[in-house]
Amino acid sequence: MKKTWWKEGVVYQIYPRSFNDTTGNGIGDIYGIIEKLDYIKSLGVDIIWLCPVYDSPNDDNGYDISDYRAISEDFGGSEAFGKLLEGMHKRGLKLVMDLVLNHSSDEHAWFKESRKSKDNPYRDYYFWKPSKNGNPPNNWVSFFSGSAWKKDNITDEYFLHLFTKKQPDLNWENPKVRKEIHDIVEYWCKKGVDGFRMDVISLISKNLDFPDSPYPDDYGKTIKNYYANGSKIHQYLNELNREVLSKYDIMTVGEGPGIDLDNGLNYVNEDRNELNMIFHFDHMFIDNGLGGKYDPIDLSLPKFKKVFGDWDEKLKDKGWGSIFLGNHDFSRMVSRFGNDSTFHTESAKLLAMLLLTLRGTVYIYQGDEIGMSNVAYPSIEDYNDVETLGSWNEALARGEDMTEFLKLVHKQSRDNARTPIQWNSTKNAGFSIGNPWLKVNKKYQTINVEAQEQDENSILNFYRRMIAFRKANPVMVYGDYECINKADKNLYIYKRWNDHESYIILLNFSNDMQSINNSELNLSKTELKVSNYDNTNSIEALQPWEAQLRKYN
Ligand code: ISL
């Protein structure tokens, strides 16, 4: 296995809007990140993935870009960006930019031209189709509810938008579009950035016959078979790699609905020269029913373990994995996979241990290092996320019980992960002296960075310990992985080893004491290296949410 900086590095993801506001306008900004660079460095991480900071009308908080080369003035503009990059490089931190290349904003100059007339030179930068018997061209629905087609009155044709109406899909079939994209990527490489996270990259090649989906009720299947993984996907990624990426020492991670065990390796196989890593969602959609995230089902630990095991097996020879349990699109990991009330600290630390002891590059989402948890706003008026509001309006139209639906919003909304970072216990959690764009989570009085800095046993300091442990022990990065108890519903036990050393990790994913079936594990021949409980060293049983990292003698 080839060794590289991006395999060994730990990534910290920043959602800039919610990170730190230095102007008092209620929106986080780049100077706010600069102010916290020493804090970020103190975690022990190596790489920052910055969610989009380009010019954008913010219909989807920056995932709708109107100028790919401009940094939004809301965030401090290009001057702030230059200082950020300099400040990061000075500290040995690398910067990964978020590139949203499947779609642009409808306010991008290309789209403004494209909509003008059927023979505009930019017309085929996007997908335009006539109506079908007075209806949209097919039955595809947008990720954010409703038809994926919008009729534009100027030419009376529909354009495709797999996300909001303000995010028209770019037509990668057009070589001019691909050339524009290559130039944009090259522009940022030349600026000295160290990598790219490529938004919904699995969607850039679609089924160009645009047939109706025969599975209108199975959204996942529709995405996989019609929106994603089209016949030219690998040609386009390979071309981008050849034309631009291969000339620089940068890392790439592609995000992708519709990426699964069948096709995942093809995106990252080191012989194919496409991407370095992908984000698949097999574990993140594990508690979704057929109807998606607003149709939740119970989390099954055996299934959860199977996802990590299957992917490790799939990628171990020729690929490389991305390890994450949350980001700006999902609810908070401690609320979802842990217990954010009785065992908040214990379960947040357990999840930190899981993240930092699996094979792959680790991605930590801002705020998870202090165990930030879900928010439950009293009213839908308090929510901002387009996906949440789209689902709400659909439920309303179906005549659902909206009191019950609000409970689902509490559990599933992407805004759970987007509340401002809780820096301290002062007004607005120290995030802003103004009015935050999204309300602060009330738990900030007890859960905040300042308090955890002062507590040696805090979640924050546990993250620091685990990151340092991973860095000091490359077996945690490159070593083999095997789950020992695949069927157990409460305990997750796995080994990591190389030719020189061997570790076992024992995690109790339950609110109860669990005995360990010790007979084949030889735990008496191990030494406890890290644990999330004080004064415990039992090899017979684990306390609720107890996590142990042991080394074989
Ligand atoms: O958010 C999701 C589930 O709640 C996903 O379906 C998500 O929409 C999908 O993974 C794509 O996400 C990315 O592209 C979107 C943007 O809204 C997300 O923030 C981004 O991460 C459109 O650009």
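The values are calculated or read from the model by the stated rules, or taken from the named source; none is laboratory data. These numbers were taken from a predicted model, which means no experiment stands behind them. Every residue, glycine as well, gets a Cβ built from its backbone with ideal geometry; the counts of neighbours run over all protein chains shown.
Would you say W172 is of a type in the set (F, W, Y), over 22 Å from N229 (Cβ atoms) and surrounded by 20 or more Cβ atoms within 10 Å (Cβ to Cβ)?
no
From W392, W437, W423, which residue is within 16 Å of the ligand (Cβ to nearest atom) and in contact (Cβ under 8 Å) with a residue 40 or more places away in the chain?
Being within 16 Å of the ligand (Cβ to nearest atom) and in contact (Cβ under 8 Å) with a residue 40 or more places away in the chain holds for just one of W392, W437, W423, which is W437.
Do the conditions hold for D310, that is, is it away from the ligand (no atom under 16 Å from the Cβ), among the acidic types (D, E) and part of a loop (DSSP other than H, G, I, E, B)?
When the stated conditions are applied, D310 does not pass them.
Would you check if K486 is part of a helix (DSSP H, G or I) and either farther than 30 Å from W5 by Cα or touching a residue at least 24 places away in the same chain (Cβ under 8 Å) (or both)?
Considered against the rule, which asks whether it is part of a helix (DSSP H, G or I) and either farther than 30 Å from W5 by Cα or touching a residue at least 24 places away in the same chain (Cβ under 8 Å) (or both), K486 comes out as no.
Please verify whether D169 is touching a strand residue (DSSP E or B) at 6+ places or on another chain (Cβ under 7 Å), under 25 Å from N393 (Cα atoms) and in contact (Cβ under 8 Å) with a residue 12 or more places away in the chain, treating the condition exactly as stated.
Yes.
Mind checking whether some residue in region 484-507 is modelled with pLDDT under 95 and within 30 Å of W423 (Cβ to Cβ)?
No - not one qualifying residue is present in region 484-507.
From the residues in region 277-294 that are within 14 Å of the ligand (Cβ to nearest atom), part of a loop (DSSP other than H, G, I, E, B) and closer than 17 Å to D218 by Cβ, which one is farthest from the chain's Cα centre (by Cα)?
So the residue we want is G291.
State yes or no: is K7 assigned to a helix (DSSP H, G or I), over 29 Å from D499 (Cα atoms), under 21 Å from the mean Cα position of the chain (by Cα) and of a type in the set (D, E, K, R)?
Against the criterion (assigned to a helix (DSSP H, G or I), over 29 Å from D499 (Cα atoms), under 21 Å from the mean Cα position of the chain (by Cα) and of a type in the set (D, E, K, R)), K7 does not qualify.
Looking at D183, D212, D124, which one is surrounded by fewer than 16 Cβ atoms within 10 Å (Cβ to Cβ), part of a loop (DSSP other than H, G, I, E, B) and among the charged types (D, E, K, R)?
D212
Under 7 Å between Cβ atoms, at least 6 apart or on separate chains: pull out the pairs that start in region 231-259 with a residue that is in contact (Cβ under 8 Å) with a residue 60 or more places away in the chain and within 19 Å of Y187 (Cβ to Cβ) and end on any residue that is more than 16 Å from the ligand (Cβ to nearest atom) and among the aromatic types (F, W, Y).
These pairs meet every condition: M251/W6.
Being touching a Gly at 6+ places or on another chain (Cβ under 7 Å) and of a type in the set (A, V, I, L, M, F, W, C), is that true of even one residue in region 236-249?
Within region 236-249, none of the residues are touching a Gly at 6+ places or on another chain (Cβ under 7 Å) and of a type in the set (A, V, I, L, M, F, W, C).
Does T357 fit the bill of being surrounded by 24 or more Cβ atoms within 10 Å (Cβ to Cβ), away from the ligand (no atom under 16 Å from the Cβ) and over 27 Å from I33 (Cβ atoms)?
Here the answer is yes, as T357 does meet what is asked.
Of the conditions (1) away from the ligand (no atom under 16 Å from the Cβ); (2) within 20 Å of the chain's Cα centre (by Cα), K232 satisfies every one except a single condition; which number is it?
Of the numbered conditions (1) away from the ligand (no atom under 16 Å from the Cβ); (2) within 20 Å of the chain's Cα centre (by Cα), the odd one out for K232 is (2).
Got a sec? Which of E450, E400 is acidic (D, E) and either outside any helix (DSSP H, G or I) or within 30 Å of G292 (Cβ to Cβ) (or both)?
After ruling out the rest, the residue left standing is E400.
Only one residue in N384, N339 is on the phi < 0 side of the Ramachandran plot, surrounded by fewer than 21 Cβ atoms within 10 Å (Cβ to Cβ), among the polar types (S, T, N, Q) and more than 16 Å from the ligand (Cβ to nearest atom). Which one?
Answer to the check: N339.
Among the candidates I154, I233, single out the residue that is surrounded by fewer than 16 Cβ atoms within 10 Å (Cβ to Cβ) and of a type in the set (A, V, I, L, M, F, W, C).
When all the criteria are applied, what remains is I154.
Would a scan of region 370-381 turn up a residue that is more than 23 Å from the chain's Cα centre (by Cα) and in a helix (DSSP H, G or I)?
Yes, that holds for at least one residue.
Filter region 55-109 for residues that are assigned to a loop (DSSP other than H, G, I, E, B) and away from the ligand (no atom under 14 Å from the Cβ) and give the result.
Those that are assigned to a loop (DSSP other than H, G, I, E, B) and away from the ligand (no atom under 14 Å from the Cβ): S72, G76, R91, G92, L93, E107.
Per-residue answers, yes or no, for (1) outside any loop (DSSP other than H, G, I, E, B); (2) within 18 Å of G292 (Cβ to Cβ); (3) away from the ligand (no atom under 12 Å from the Cβ):
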{"residue": "N139", "(1), (2), (3)": "no, yes, yes"}
{"residue": "F143", "(1), (2), (3)": "no, yes, no"}
{"residue": "K150", "(1), (2), (3)": "yes, no, yes"}
{"residue": "T155", "(1), (2), (3)": "no, no, yes"}
{"residue": "F159", "(1), (2), (3)": "yes, no, yes"}
{"residue": "L162", "(1), (2), (3)": "no, yes, no"}
{"residue": "K166", "(1), (2), (3)": "no, no, no"}
{"residue": "W172", "(1), (2), (3)": "no, no, yes"}
{"residue": "R178", "(1), (2), (3)": "yes, no, yes"}
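So, L406, is that one touching a Phe, Trp or Tyr at 6+ places or on another chain (Cβ under 8 Å), buried (at least 17 other Cβ atoms within 10 Å of the Cβ) and not in a strand (DSSP E or B) or not?
Considered against the rule, which asks whether it is touching a Phe, Trp or Tyr at 6+ places or on another chain (Cβ under 8 Å), buried (at least 17 other Cβ atoms within 10 Å of the Cβ) and not in a strand (DSSP E or B), L406 comes out as no.
Given E243, E270, E274, E255, which one is crowded, with 21+ Cβ neighbours inside 10 Å and away from the ligand (no atom under 16 Å from the Cβ)?
None of the others qualify; the one that does is E274.
Checking the conditions here, which among K471, K407, K443 is closer than 30 Å to D21 by Cβ, modelled with pLDDT of 95 or more, of a type in the set (K, R) and away from the ligand (no atom under 16 Å from the Cβ)?
Checking each option against the conditions leaves just K443.
What's the total number of residues in region 68-97 that are in contact with a Phe, Trp or Tyr (Cβ under 7 Å, 6 or more places away or on another chain) and either surrounded by fewer than 23 Cβ atoms within 10 Å (Cβ to Cβ) or not β-branched (V, I, T) (or both)?
So the answer is 8.
Is it the case that some residue within region 24-39 is under 26 Å from D169 (Cβ atoms), crowded, with 19+ Cβ neighbours inside 10 Å and either of a type in the set (V, I, T) or within 16 Å of the ligand (Cβ to nearest atom) (or both)?
no
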